[in-house]
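The values are calculated or read from the model by the stated rules, or taken from the named source; none is laboratory data. Everything numeric in this text was worked out from a predicted model, so none of it was measured. In this analysis, Cβ positions are derived from the backbone assuming ideal geometry, glycine residues included, and neighbour counts consider all displayed protein chains. These area figures cover heavy atoms from the full protein model, side chains too; ligands, DNA and RNA do not enter into them. Shrake-Rupley method; radii C 1.70, N 1.55, O 1.52, S 1.80 Å.
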Amino acid sequence: MNLLQASNESLVFQLSKSEKNYLFGILQLYPLISPAYLSMSKNAPWLDRTLLEGLMRRERQNNREKIDSFLIDNDQMEGDSDHFQLQISRTQADWLLRVLNDLRLGSWIMMGKPFPASSGGTEFNEQTSSYLAAMQICGFFQMALLKGLAPAL
Amino acid sequence: MVEGFASSFEVICWGDPINLREYVTYALQSVFGWPRSRAVQHSAQIQDQGRSILAFCPLERAEHYVHELQKYGLHATLEARV
């Protein structure tokens, strides 16, 4: 996935057919993280965490709906049989980046939170290997998006 | 972003081995509007020291920042200053 063009409003990327398939396939996994995963505080247990959980639940529902729209909106992904161009606004790129990070984080959690993230202490089987692959795939697309969103990288 | 000595909550971002440093830098810039140099400094601290205090502020604002950071998948919490 290569950045072709970046303006103040939008970004254009070129993807191969396999990259497009990986991107669309990985988005189908969303969400992997429970809304209750993150805590609000470590030393203030009196804080109401139901508010945060509710916000995160709504956030994930909205993201799932946006993913479904993204996957069927062919106008954003034009091309021939081998290469595709993805044209998205900066707002959409920021959203896609966050979704991919959520999937990367969720894959790590599903692997049992190994340290280091890529291997330490994880028993490799069919399931953990697929989550490891998902982590790497998300990281690949995240770095491409960051090149467009944060050009100083 | 120190908002005065009366501020009673710290917004803390905790390190993990999964979030890419470049991503953390971008997220901090997006949430706080910081220049890249400041965001880089904090993301390095998060990765190297396991945590970084990002803001001192009143509860409502701290909750807002924590929620925004968690929308980026960062492990952020607010802690009462003792």
>> For the structure I just gave you, tell me whether A:Ser81 is open to solvent by 20 Å² or more (accessible area, probe 1.4 Å) and either in contact with a Gly (Cβ under 6 Å, 6 or more places away or on another chain) or part of a helix (DSSP H, G or I) (or both).
In response: no
> Can you name the residue in the stretch B:54-73 that is under 13 Å from B:Val24 (Cα atoms) and either within 9 Å of chain A (Cβ to nearest Cβ) or more than 12 Å from the chain's Cα centre (by Cα) (or both) and, of all such residues, is most open to solvent (accessible area, probe 1.4 Å)?
Replying inline: B:Lys71
> How about the stretch A:1-57: which of its residues are within 14 Å of chain B (Cβ to nearest Cβ), within 17 Å of A:Gly139 (Cβ to Cβ) and open to solvent by less than 30 Å² (accessible area, probe 1.4 Å)?
Replying inline: A:Tyr30, A:Ile33
> What do you reckon, is B:Ser30 facing chain A (nearest Cβ under 8 Å) and polar (S, T, N, Q)?
Replying inline: yes
> Only one residue in A:Ala134, A:Ala93, A:Ala117 is part of a loop (DSSP other than H, G, I, E, B), under 30 Å from A:Asn2 (Cβ atoms) and open to solvent by less than 30 Å² (accessible area, probe 1.4 Å), so which one is that?
Replying inline: A:Ala117
> Which of the residues belonging to the stretch A:37-68 are closer than 14 Å to A:Leu23 by Cα and either touching a Lys or Arg at 6+ places or on another chain (Cβ under 6 Å) or free of Cβ contacts under 8 Å to residues at least 12 places away in the same chain (or both)?
Replying inline: A:Asp68
